[in-house]
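Encoded as structure tokens, the structure appears first; notes follow it.
The values are calculated or read from the model by the stated rules, or taken from the named source; none is laboratory data. These numbers were taken from a predicted model, which means no experiment stands behind them. Note that we place each Cβ from the backbone using ideal geometry, even for glycine, and neighbour counts take in every protein chain shown. These accessible areas exclude ligands, DNA and RNA; they are computed on the full protein's heavy atoms, side chains included. Shrake-Rupley method; radii C 1.70, N 1.55, O 1.52, S 1.80 Å.
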Amino acid sequence: MLMKHFFTMMAAVAALFFVACGGGSSTPSDAVIKVYDQLAKGNYEAVADAFYFGNENPEQEAQARAMLVSMFNEKGAKQMESKGGIKSYEVINETIAEDGKTAKVEVKIIYGNGTEDTNKVDMVLDEKGNWRPSMKK
């Protein structure tokens, strides 16, 4: 089940340079902005570390994170370079579920060559109170 979600997210990564977030963010939007900062800098390990996998199996999570970093390095960096890098990004919508534990954040990305993408990211509030993009459905 974890691998199915992993491959689903990989497709989003290749197509839209998915969004991730850092720990300690007070809102899902804050978390998304922190990750885009790292993505724009090419710090793919920090981006991969931001994902929430559900803490089901630490070994599988470590492997999934390593695969994300590899995917970013092999494909994401090339795609980003071909688009002139990330020029800017902005949150255009944030919706937090009634239970306060999940959210969806919509982000607009503008690349150096003038092209744009929009991405919707499923977020989860982890057990430590940090908003993170979810690899678990």
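Summary of computed values
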quantity: Identity of the residue in the range 107-137, loosely packed, with under 14 Cβ neighbours inside 10 Å and hydroxyl-bearing (Ser, Thr, Tyr), that ends up farthest from Glu81 (Cα to Cα); calculated: Thr118
quantity: Exclusive hit being in contact with a Lys or Arg (Cβ under 6 Å, 6 or more places away or on another chain) and among the aliphatic types (A, V, I, L, M), set Ala48, Ala77, Ala66; calculated: Ala48
quantity: All positions within the range 109-137 that are assigned to a loop (DSSP other than H, G, I, E, B) and of a type in the set (Gly, Ala, Ser); calculated: Gly112, Gly114, Gly129
quantity: Close pairs (6 angstrom Cβ cut-off, 6 or more residues apart or separate chains): within 14 Å of Tyr111 (Cα to Cα) and free of Cβ contacts under 8 Å to residues at least 60 places away in the same chain in the range 34-49, among the β-branched types (Val, Ile, Thr) and open to solvent by less than 60 Å² (accessible area, probe 1.4 Å) anywhere; calculated: Leu39/Val47; Ala40/Ile86
quantity: Residue match in the range 15-36 (condition: assigned to a helix (DSSP H, G or I), at pLDDT below 85 and open to solvent by 30 Å² or more (accessible area, probe 1.4 Å)); calculated: yes
quantity: Single residue of Ser88, Ser70 found to be of a type in the set (S, T, N, Q), over 17 Å from Thr27 (Cα atoms), part of a helix (DSSP H, G or I) and modelled with pLDDT of 90 or more; calculated: Ser70
quantity: One residue from Lys104, Lys83, Lys75 being more than 16 Å from the chain's Cα centre (by Cα) and either open to solvent by less than 60 Å² (accessible area, probe 1.4 Å) or in contact (Cβ under 8 Å) with a residue 12 or more places away in the chain (or both); calculated: Lys83
